[in-house]
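*Asks:* Take a look at the following structure, please.
The values are calculated or read from the model by the stated rules, or taken from the named source; none is laboratory data. Predicted model, so just to flag it, every value in this text is computed and none were measured. Here Cβ is always computed from backbone atoms with ideal geometry, including for glycine, and neighbour counts include all displayed protein chains.
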Amino acid sequence: MRDGSWRTGLGILLWALSLSFCLEPDLARAEVMINEFLADPATDWNGDGEVHSTLDEWVEVYNPGPDAVSLTAYWLRDGLGETPHLNLFGVLEPDQVAVFYGHHAVAWQQENGGGSSGFSLNNAGDTIQLLKTDPENPDLLDVVDEKTYLEHEGADDRSGGREPDGGTWSLFDGLNPYDGDDEPQGNGCDPTPAAANLCDETPAEGATWSTVKARWR
(Lines give C-alpha, C1' and ligand atoms only; values in the text may rest on other atoms or scores of the structure.)
Protein backbone atom coordinates (compact mmCIF):
# COMPACT_ATOMS: atom_id res chain seq x y z
CA MET A 1 0.00 0.00 0.00
CA ARG A 2 2.82 2.34 0.92
CA ASP A 3 4.57 1.48 -2.38
CA GLY A 4 1.40 2.21 -4.28
CA SER A 5 1.02 5.58 -2.55
CA TRP A 6 4.59 6.45 -3.47
CA ARG A 7 3.94 5.58 -7.09
CA THR A 8 0.74 7.61 -7.06
CA GLY A 9 2.53 10.58 -5.55
CA LEU A 10 5.34 10.34 -8.11
CA GLY A 11 2.80 10.14 -10.90
CA ILE A 12 1.04 13.28 -9.65
CA LEU A 13 4.37 15.11 -9.39
CA LEU A 14 5.39 14.16 -12.92
CA TRP A 15 1.96 15.17 -14.21
CA ALA A 16 2.22 18.56 -12.47
CA LEU A 17 5.68 19.16 -13.91
CA SER A 18 4.57 18.24 -17.41
CA LEU A 19 1.54 20.51 -17.07
CA SER A 20 3.71 23.42 -15.97
CA PHE A 21 5.88 22.96 -19.06
CA CYS A 22 2.79 22.82 -21.25
CA LEU A 23 1.52 26.03 -19.70
CA GLU A 24 4.78 27.87 -20.39
CA PRO A 25 3.96 30.31 -23.20
CA ASP A 26 5.75 30.07 -26.51
CA LEU A 27 7.01 33.59 -25.76
CA ALA A 28 9.59 32.14 -23.36
CA ARG A 29 11.08 30.04 -26.16
CA ALA A 30 11.31 32.85 -28.69
CA GLU A 31 14.66 33.26 -30.45
CA VAL A 32 14.03 37.02 -30.65
CA MET A 33 12.02 39.29 -28.37
CA ILE A 34 10.65 42.83 -28.27
CA ASN A 35 13.19 44.83 -26.27
CA GLU A 36 12.18 48.50 -26.48
CA PHE A 37 9.65 50.68 -28.30
CA LEU A 38 8.70 54.33 -28.70
CA ALA A 39 5.12 55.13 -29.70
CA ASP A 40 4.97 58.94 -29.64
CA PRO A 41 8.07 60.56 -31.15
CA ALA A 42 8.84 64.20 -30.47
CA THR A 43 12.40 63.85 -31.77
CA ASP A 44 13.88 63.04 -35.17
CA TRP A 45 14.69 59.47 -34.15
CA ASN A 46 15.30 58.11 -37.66
CA GLY A 47 17.69 60.93 -38.55
CA ASP A 48 15.96 62.10 -41.73
CA GLY A 49 15.89 65.74 -40.65
CA GLU A 50 12.20 65.83 -39.75
CA VAL A 51 10.12 64.90 -36.70
CA HIS A 52 7.24 62.73 -37.88
CA SER A 53 4.58 61.00 -35.78
CA THR A 54 4.64 57.89 -37.99
CA LEU A 55 8.11 57.67 -39.49
CA ASP A 56 9.94 58.24 -36.19
CA GLU A 57 8.14 55.53 -34.21
CA TRP A 58 10.43 52.59 -33.53
CA VAL A 59 10.55 49.06 -32.17
CA GLU A 60 13.75 47.36 -31.06
CA VAL A 61 14.19 43.57 -30.99
CA TYR A 62 16.83 41.58 -29.09
CA ASN A 63 18.50 38.22 -29.65
CA PRO A 64 19.30 36.61 -26.27
CA GLY A 65 21.47 34.03 -28.09
CA PRO A 66 23.30 31.75 -28.37
CA ASP A 67 23.04 31.72 -32.20
CA ALA A 68 22.71 34.33 -34.91
CA VAL A 69 19.14 34.63 -36.19
CA SER A 70 17.85 35.60 -39.61
CA LEU A 71 15.08 38.13 -39.05
CA THR A 72 13.34 37.46 -42.36
CA ALA A 73 11.02 34.98 -40.61
CA TYR A 74 9.86 37.66 -38.13
CA TRP A 75 7.12 40.27 -38.41
CA LEU A 76 5.75 43.18 -36.36
CA ARG A 77 2.19 44.40 -35.97
CA ASP A 78 0.01 46.13 -33.40
CA GLY A 79 -2.64 44.11 -31.62
CA LEU A 80 -5.66 45.61 -33.37
CA GLY A 81 -5.56 43.64 -36.60
CA GLU A 82 -4.32 40.53 -38.35
CA THR A 83 -2.17 42.19 -41.01
CA PRO A 84 1.56 42.60 -40.22
CA HIS A 85 3.01 46.10 -40.43
CA LEU A 86 6.57 45.03 -41.27
CA ASN A 87 8.54 41.96 -42.31
CA LEU A 88 11.88 42.29 -40.51
CA PHE A 89 15.20 41.95 -42.29
CA GLY A 90 18.88 41.38 -41.59
CA VAL A 91 20.76 38.94 -39.37
CA LEU A 92 20.83 39.52 -35.61
CA GLU A 93 23.88 38.29 -33.73
CA PRO A 94 23.67 36.89 -30.17
CA ASP A 95 23.19 39.51 -27.44
CA GLN A 96 22.60 42.22 -30.05
CA VAL A 97 19.64 44.46 -30.88
CA ALA A 98 18.13 45.76 -34.10
CA VAL A 99 15.91 48.83 -34.40
CA PHE A 100 13.12 49.19 -36.94
CA TYR A 101 11.60 52.61 -37.57
CA GLY A 102 8.25 53.69 -38.86
CA HIS A 103 9.77 54.57 -42.22
CA HIS A 104 10.76 50.92 -42.66
CA ALA A 105 7.16 49.88 -42.05
CA VAL A 106 5.78 52.50 -44.45
CA ALA A 107 8.22 51.50 -47.21
CA TRP A 108 7.39 47.80 -46.79
CA GLN A 109 3.64 48.50 -46.79
CA GLN A 110 3.87 50.58 -49.95
CA GLU A 111 5.93 47.90 -51.69
CA ASN A 112 3.33 45.30 -50.77
CA GLY A 113 0.17 47.30 -51.40
CA GLY A 114 -0.62 47.76 -47.72
CA GLY A 115 -1.00 51.53 -47.42
CA SER A 116 1.30 53.74 -45.35
CA SER A 117 0.16 53.48 -41.73
CA GLY A 118 3.58 52.53 -40.32
CA PHE A 119 3.48 50.68 -37.01
CA SER A 120 0.21 52.38 -35.95
CA LEU A 121 1.28 52.49 -32.30
CA ASN A 122 -1.54 54.13 -30.33
CA ASN A 123 -0.29 56.81 -27.93
CA ALA A 124 -3.10 56.00 -25.50
CA GLY A 125 -1.97 52.38 -25.16
CA ASP A 126 -1.70 49.43 -27.50
CA THR A 127 -0.22 45.96 -27.94
CA ILE A 128 2.88 45.29 -30.03
CA GLN A 129 3.21 41.77 -31.36
CA LEU A 130 6.28 40.00 -32.70
CA LEU A 131 5.37 37.13 -34.99
CA LYS A 132 7.31 34.35 -36.65
CA THR A 133 6.53 32.34 -39.77
CA ASP A 134 5.32 28.87 -38.84
CA PRO A 135 7.99 26.48 -40.22
CA GLU A 136 5.34 23.86 -40.97
CA ASN A 137 2.98 26.29 -42.68
CA PRO A 138 4.56 29.40 -44.23
CA ASP A 139 1.12 30.99 -44.57
CA LEU A 140 0.69 31.11 -40.79
CA LEU A 141 2.29 33.54 -38.35
CA ASP A 142 2.73 32.61 -34.69
CA VAL A 143 2.91 35.25 -31.95
CA VAL A 144 6.24 34.68 -30.18
CA ASP A 145 6.34 37.84 -28.06
CA GLU A 146 4.07 40.77 -27.28
CA LYS A 147 4.05 43.90 -25.16
CA THR A 148 0.89 45.67 -24.02
CA TYR A 149 1.62 49.21 -22.88
CA LEU A 150 -0.40 51.88 -21.08
CA GLU A 151 -1.00 55.54 -21.92
CA HIS A 152 1.83 56.84 -19.75
CA GLU A 153 4.27 54.61 -21.65
CA GLY A 154 3.07 56.01 -24.98
CA ALA A 155 3.61 59.69 -24.16
CA ASP A 156 6.01 62.04 -26.00
CA ASP A 157 9.53 60.59 -26.30
CA ARG A 158 9.04 57.98 -23.57
CA SER A 159 10.06 54.46 -24.43
CA GLY A 160 9.21 51.18 -22.79
CA GLY A 161 12.21 48.90 -22.56
CA ARG A 162 13.48 45.75 -20.91
CA GLU A 163 16.15 46.57 -18.34
CA PRO A 164 18.71 45.16 -18.89
CA ASP A 165 18.26 43.83 -22.43
CA GLY A 166 15.83 40.92 -22.26
CA GLY A 167 14.94 41.70 -18.63
CA THR A 168 12.06 43.39 -16.81
CA TRP A 169 10.06 46.16 -18.46
CA SER A 170 10.85 49.71 -17.35
CA LEU A 171 9.92 53.23 -18.49
CA PHE A 172 12.68 55.31 -20.05
CA ASP A 173 11.40 58.79 -19.28
CA GLY A 174 14.53 60.96 -19.22
CA LEU A 175 13.19 63.19 -22.02
CA ASN A 176 9.69 63.46 -20.52
CA PRO A 177 9.66 62.64 -16.77
CA TYR A 178 6.73 60.67 -15.38
CA ASP A 179 5.52 61.37 -11.83
CA GLY A 180 2.40 59.20 -11.71
CA ASP A 181 1.62 55.96 -9.91
CA ASP A 182 1.13 53.53 -12.82
CA GLU A 183 3.63 50.77 -13.48
CA PRO A 184 6.19 50.62 -14.87
CA GLN A 185 7.68 53.60 -13.11
CA GLY A 186 10.18 55.89 -14.82
CA ASN A 187 13.89 55.20 -14.46
CA GLY A 188 15.04 58.71 -15.39
CA CYS A 189 17.05 57.56 -18.41
CA ASP A 190 16.68 58.47 -22.06
CA PRO A 191 15.39 55.97 -24.63
CA THR A 192 18.19 53.78 -26.00
CA PRO A 193 17.54 52.67 -29.59
CA ALA A 194 20.43 50.48 -30.82
CA ALA A 195 22.17 50.79 -27.44
CA ALA A 196 22.19 48.63 -24.32
CA ASN A 197 19.25 49.15 -21.93
CA LEU A 198 21.43 49.82 -18.91
CA CYS A 199 20.11 52.72 -16.86
CA ASP A 200 22.34 54.55 -14.40
CA GLU A 201 20.31 57.78 -14.61
CA THR A 202 22.92 59.16 -16.99
CA PRO A 203 21.36 60.04 -20.34
CA ALA A 204 22.29 57.33 -22.80
CA GLU A 205 23.32 58.15 -26.31
CA GLY A 206 20.82 56.73 -28.75
CA ALA A 207 21.47 56.07 -32.40
CA THR A 208 20.01 57.40 -35.60
CA TRP A 209 19.16 55.17 -38.54
CA SER A 210 22.40 56.23 -40.24
CA THR A 211 24.37 54.95 -37.25
CA VAL A 212 22.45 51.68 -37.23
CA LYS A 213 23.17 51.13 -40.93
CA ALA A 214 26.87 51.71 -40.34
CA ARG A 215 26.91 49.10 -37.58
CA TRP A 216 25.31 46.49 -39.86
CA ARG A 217 27.81 46.88 -42.71
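*Asks:* Can Gln109 be described as touching a Ser or Thr at 6+ places or on another chain (Cβ under 7 Å) and either assigned by TED's automatic domain parsing to the domain that holds Pro193 or charged (D, E, K, R) (or both)? Walk me through it before giving the result.
*Replies:* Working: touching a Ser or Thr at 6+ places or on another chain (Cβ under 7 Å): yes; either assigned by TED's automatic domain parsing to the domain that holds Pro193 or charged (D, E, K, R) (or both): yes.
Taking the combined requirement at face value, the residue satisfies it.
*Asks:* Right, something else. Of all residues being more than 11 Å from Glu151 (Cα to Cα) and of a type in the set (Asp, Glu) in the stretch 171-182, which is nearest to the chain's Cα centre (by Cα)? Just the residue, please.
*Replies:* Among those that are more than 11 Å from Glu151 (Cα to Cα) and of a type in the set (Asp, Glu), it is Asp173.
*Asks:* Return the residues of the stretch 88-105 that are touching a residue at least 24 places away in the same chain (Cβ under 8 Å) and farther than 16 Å from Asp40 by Cα; say none if nothing qualifies.
*Replies:* Hits for the stretch 88-105 are Leu88, Gly90, Leu92, Glu93, Pro94, Asp95, Gln96, Val97, Ala98.
*Asks:* While we're looking at this one, here's another question. Do we find that Gly206 is surrounded by 14 or more Cβ atoms within 10 Å (Cβ to Cβ), at pLDDT 95 or above and among the small types (Gly, Ala, Ser) in this structure? Working first, answer last.
*Replies:* On the way: surrounded by 14 or more Cβ atoms within 10 Å (Cβ to Cβ): yes; at pLDDT 95 or above: no; among the small types (Gly, Ala, Ser): yes.
No; evaluated as a whole, the condition is false for this residue.
*Asks:* Something else now. Glu24 passes all but one of (1) closer than 17 Å to Thr127 by Cα; (2) at pLDDT below 95; which number fails?
*Replies:* (1)
*Asks:* Then there is this: Please work out if Ser117 is in contact (Cβ under 8 Å) with a residue 40 or more places away in the chain, surrounded by 14 or more Cβ atoms within 10 Å (Cβ to Cβ), within 14 Å of the chain's Cα centre (by Cα) and farther than 14 Å from Met33 by Cβ.
*Replies:* On the way: in contact (Cβ under 8 Å) with a residue 40 or more places away in the chain: yes; surrounded by 14 or more Cβ atoms within 10 Å (Cβ to Cβ): yes; within 14 Å of the chain's Cα centre (by Cα): no; farther than 14 Å from Met33 by Cβ: yes.
Against the criterion (in contact (Cβ under 8 Å) with a residue 40 or more places away in the chain, surrounded by 14 or more Cβ atoms within 10 Å (Cβ to Cβ), within 14 Å of the chain's Cα centre (by Cα) and farther than 14 Å from Met33 by Cβ), Ser117 does not qualify.
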